[in-house]
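Report on the structure given below.
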Amino acid sequence: MTLRTMGEREGAFTGTIESQTSKIPSVGYLTAAVSSMAGSAILKGLGKDNWALFVGQWAPAFLILGVYNKLVKQHGSDAYTKAA
């Protein structure tokens with residue numbers, strides 16, 4: 001395991017992912033989370049309890065992705081390198 005210094009750049013793969021996900025507006029992740037909660041409620045009402053649980057568990061993942069997206073937009077993964 002190697003330790004990274006603060007000025008070291010992120011890998012090319014991570015940079016590519018972050019450049020693509022930063023194009024998605026934050027409201028997109030919030031909409032996806034609320035939609036999964038609504039879908040879960042509809043499925044629960046239809047008596048499909050297992051599917052309702054499955055779809056309902058997507059909401060936290062979408063919200064976490066939204067937070068990550070917001071942090072990347074504000075700070076970037078290689079903010080220390082850009083400042084140097």
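Quick notes
- Listed conditions (1) surrounded by 12 or more Cβ atoms within 10 Å (Cβ to Cβ); (2) modelled with pLDDT of 95 or more are all met by Tyr68, apart from (2).
- Ala59, sole failed condition from (1) aliphatic (A, V, I, L, M); (2) at pLDDT below 95; (3) in a helix (DSSP H, G or I): (2)
- So Ser40, is it under 30 Å from Gln74 (Cβ atoms) and small (Gly, Ala, Ser): no
The values are calculated or read from the model by the stated rules, or taken from the named source; none is laboratory data. Small disclaimer: the values here were computed from a predicted structure and weren't measured. Heads up, the Cβs are rebuilt from the backbone with ideal geometry, glycines too, and the neighbour counts pull from every protein chain shown.
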